[in-house]
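Taking it in order: structure first as structure tokens, then the write-up.
The values are calculated or read from the model by the stated rules, or taken from the named source; none is laboratory data. Owing to the predicted nature of the structure, the values given are computational and were not obtained by experimental measurement. Quick reminder, even Gly has a Cβ in these numbers, built from the backbone with ideal geometry, and neighbours come from all protein chains shown. Areas reflect the complete protein model, heavy atoms only, side chains present, ligands, DNA and RNA absent. Shrake-Rupley method; radii C 1.70, N 1.55, O 1.52, S 1.80 Å.
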Amino acid sequence: MMSFNNILIEKNNNIARIIINRPKKLNALNKETIDELHEAISELESDEQIRVIILTGSGDKAFVAGADISEFAGFDISQGAELSRKGQNNLFNFIENLSTPVIAAINGFALGGGLELAMACHFRVASDNAKMGLPEVSLGVIPGYGGTQRLPQLVGKGRAMEMIMTAGMITADDAKNHGLVNHVVVQEELISFCEEIAQKITFNSGMAIGAVIKAVNANFNSGINGYDVEIEQFGNCFGTADFEEGTSAFLEKRRPKF
Ligand code: COA
């Protein structure tokens, strides 16, 4: 594994943890951090040992407090569009479409690009001190890393409109009530709780989980018929060693080894 300036990687058996590590800037996403996340995630995706990735922030205050405002304050129209396009392609859409599941462990502020990053993950767990919001309109801009699309998918259009228009922050409990996070736990237990979920995932077929991600994501991709993607992905499973192992293990009354 290569070394990075802004992120740390820890591996524990089949589970990798990526820690965004700019605590003095509340882990704000500068360009270098986005590039490093892309590189680290690509590397973990091609590591056969790694079956689940947990993404979190360093310290006990912030997951990610947004895109690094100091980097884009002077941008013009085309630089703004390019920032958004590149970020979406290299990191946010990249995570969403990864075949390795990524769990966001939201350990504090998840604002702007930080909440967008958590929403690009496959699901989210928050610590009880976490605060979430999309404050971009307070800066005269809109969410640019998929926030206008993914927040309505998770919380519904009306709530998303209110959150984005008010630029307000919601608590972890409210986020859970709205379906934005799946669980809220005390901060000291956040990582172990995520690791328990991750471990359950590692017992299942990684091939099948990758296919689930493709099929579920197809539901949110206009122009693609999700049922057709499901048929294709379902069919593909029948040609795999995991399917042979999973069904044989069931019939032989033993645990499968994926
Ligand atoms: N971009 C760049 N720097 C950021 C940042 C961001 N999104 N969020 C925080 N920081 C920096 C602060 O500038 C400060 O740096 P400094 O010590 O060099 O001055 C440092 O992180 C600590 O933040 P600070 O504001 O002092 O902490 P706080 O506890 O008073 O407030 C927040 C915490 C999260 C409420 C506040 O930092 C904030 O509103 N951040 C911006 C959130 C935002 O609008 N994000 C959307 C960006 S699109």
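Can you report the number of residues in segment 61-94 which are surrounded by 21 or more Cβ atoms within 10 Å (Cβ to Cβ) and assigned to a helix (DSSP H, G or I)?
Total satisfying the criteria: 3.
So, in segment 150-186, exactly how many residues are over 16 Å from P135 (Cα atoms) and either within 16 Å of the ligand (Cβ to nearest atom) or at pLDDT below 95 (or both)?
The number of residues fulfilling the criteria is 1.
Find the residue count for segment 61-94, including only residues that are acidic (D, E) and within 9 Å of the ligand (Cβ to nearest atom).
Qualifying residue count, segment 61-94: 2.
Going by the structure shown, is F220 loosely packed, with under 15 Cβ neighbours inside 10 Å, modelled with pLDDT under 95 and touching a helix residue (DSSP H, G or I) at 6+ places or on another chain (Cβ under 8 Å)? Break it down into steps so the answer makes sense when it comes.
Numbers: loosely packed, with under 15 Cβ neighbours inside 10 Å: yes; modelled with pLDDT under 95: yes; touching a helix residue (DSSP H, G or I) at 6+ places or on another chain (Cβ under 8 Å): yes.
Yes, satisfied.
Of all residues in segment 95-137, count the ones that are over 15 Å from N27 (Cα atoms), within 12 Å of the ligand (Cβ to nearest atom) and surrounded by 21 or more Cβ atoms within 10 Å (Cβ to Cβ).
3
In this structure, is E230 surrounded by fewer than 17 Cβ atoms within 10 Å (Cβ to Cβ) and touching a residue at least 12 places away in the same chain (Cβ under 8 Å)?
no
Where residues in segment 1-54 are within 16 Å of the ligand (Cβ to nearest atom) and at positive phi, which of them is most open to solvent (accessible area, probe 1.4 Å)?
L26
Conditions (1) touching a residue at least 24 places away in the same chain (Cβ under 8 Å); (2) within 16 Å of the chain's Cα centre (by Cα), marked per residue:
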| site | (1), (2) |
| --- | --- |
| V102 | yes, yes |
| A105 | yes, yes |
| A120 | yes, yes |
| G140 | no, no |
| M161 | no, no |
| A167 | yes, no |
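What is the residue count in segment 127-155 for residues that are small (G, A, S), touching a Leu at 6+ places or on another chain (Cβ under 8 Å) and closer than 16 Å to G59 by Cα?
Step one: list which residues in segment 127-155 are small (G, A, S), which gives 127, 130, 133, 138, 140, 144, 146-147.
Those still in the list that are touching a Leu at 6+ places or on another chain (Cβ under 8 Å) too: 127, 133, 144, 147.
If we keep only those that are closer than 16 Å to G59 by Cα as well, we get 127.
Residues that pass the stated criteria total 1.
Would you say G210 is modelled with pLDDT under 95 and either surrounded by fewer than 15 Cβ atoms within 10 Å (Cβ to Cβ) or farther than 30 Å from I142 by Cα (or both)?
no
Filter segment 118-150 down to residues that are more than 23 Å from G74 (Cα to Cα) and not polar (S, T, N, Q), then give me how many there are.
The number of residues fulfilling the criteria is 15.
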